[in-house]
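Input: a single structure, listed below in C-alpha cells.
The values are calculated or read from the model by the stated rules, or taken from the named source; none is laboratory data. Here the structure is a predicted model, which means the values were calculated and not measured. Neighbour counts run over all protein chains shown; Cβ positions are idealised from the backbone, glycine included.
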Amino acid sequence: MKLIEFDGKDYLFEFGERERQWFFEILGRYPFIPVSHHQLSKSPDEAESEANQKLLEEAMAEQRAENKKHVQAMLHDPGRFERSESITRFRLNSGESEWLLQILNDVRVGCWIQLGQPAETKKWKVDVSSEAGSFIWAMELCGYFQAVLLESLNA
Amino acid sequence: MSEIAEPEVLPSVDHEEETEASESLEPGYLVICWDDPVNLMDYVSHVFQKVFGWTKEKAEFHMLQVHKQGKSVLVRESLEKAEHYVHQLQKYTLHATMERD
C-alpha cells in the first residue's frame, strides 16, 4: 500500500492484489476488542465508577456497531476501489483516514489481547499456521497499514 | 465560573483572591495515558495531536513519557471534560483513564 496522490482533500492509495486481499481480511475482523477492555478509571472505590463504566461500555458498543456498518459499506462500495489487473486504487478523505486508523488499531490491539497481552511484541516464537500465528500476522499487517496512513496524514 | 465572577464591582485584589480560592476548590480530574507494548509510538503521538490539538513536539514529549515512565498525565480537567477526553482516547484504543486529583 502506498500513497499515490493527495489533492488537498482526498488521499489516493494503491494496493497490490495480495495487499488488497489482506486489507479486506483485516477490516473484516472489526470489531475485535471486547468492550469491557476499556476502563474509565483505575480506582475501584469511586462511588460512581460502576455506573460510569457501564455507560462507557454502552457508548463504545454503540459506536462500534456504527463503525462496523461503515466498514462493510466501505468495503462493498464499488466506487471506492478502482481495480485494474493486479493494481487497486483506493480513495479516502482526511476524516476517513483518521477513522480508518482507529479501525485498524482496534484490530491490532484486539489481536494482542487474544495473544494474552504479551509484554514483548517483537520476538515471536510461534507456528505461523497456528491461531496465534494468525493473530500476529493480523497485528503486524495492521501496524503496516497504520504506518502508511500516518505517514500520509503527516506528510 | 463566569456566573460567579463580578470583576466590575470588586477591587482587583479581592478579585484575584476570590479566583485563586475558586480554582483551588474546583474538583479536578487527571486524564492519564498508560503504556502498553502494542500501540505504535507514531500513532500515540498522532492521537495526542488530534485529541488535544497539541503541537507535534508536545505530543511527542507525552508519548515518550508514557513509553519511558509507564504513564503520562495529559491534562487536568473538570469531570465532564476529562470523561470526554478519556472517551476520545479510547476511541483510538489507547489505554487511558481518569483519576480524581
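Summary of values
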quantity: Looking only at region A:69-88, and only at residues there that are modelled with pLDDT under 95 and of a type in the set (D, E, K, R), the one that is nearest to A:G28 (Cα to Cα); calculated: A:D77
quantity: Failed condition for B:I4, given (1) closer than 22 Å to B:S78 by Cβ; (2) touching a helix residue (DSSP H, G or I) at 6+ places or on another chain (Cβ under 8 Å); (3) modelled with pLDDT of 50 or more; calculated: (3)
quantity: Tally, over region A:95-122, of residues that are more than 9 Å from every other protein chain (Cβ to nearest Cβ) and farther than 15 Å from A:F145 by Cα; calculated: 4
quantity: Region B:64-83 - residue that is closer than 20 Å to A:V109 by Cβ and touching a Phe, Trp or Tyr at 6+ places or on another chain (Cβ under 8 Å) and, of those, nearest to the other protein chains (Cβ to nearest Cβ); calculated: B:K71
quantity: Tally of residues being within 15 Å of A:K2 (Cα to Cα) and aromatic (F, W, Y) across region A:81-119; calculated: 2
quantity: Among residues of region B:63-101, those that are free of Cβ contacts under 8 Å to residues at least 40 places away in the same chain, surrounded by fewer than 17 Cβ atoms within 10 Å (Cβ to Cβ) and polar (S, T, N, Q), counted; calculated: 3
quantity: In region B:84-101, residue nearest to A:E98 (Cα to Cα) [restricted to those that are within 7 Å of chain A (Cβ to nearest Cβ) and in a strand (DSSP E or B)]; calculated: B:T97
quantity: Unique residue being more than 29 Å from B:A82 (Cα to Cα) and surrounded by fewer than 17 Cβ atoms within 10 Å (Cβ to Cβ) when the list is A:E50, A:E62, A:E19, A:E25; calculated: A:E25
quantity: Any hit, region A:108-127, residues being in contact with a strand residue (DSSP E or B) (Cβ under 6 Å, 6 or more places away or on another chain) and surrounded by 11 or more Cβ atoms within 10 Å (Cβ to Cβ); calculated: no
quantity: Residue satisfying all of: in region A:90-108; touching a Lys or Arg at 6+ places or on another chain (Cβ under 8 Å) and in a strand (DSSP E or B); nearest to A:E25 (Cα to Cα) among these; calculated: A:F90
quantity: In region A:47-84, the residues that are away from every other protein chain (no Cβ under 14 Å), over 20 Å from the mean Cα position of the chain (by Cα) and part of a loop (DSSP other than H, G, I, E, B); calculated: A:P78, A:G79
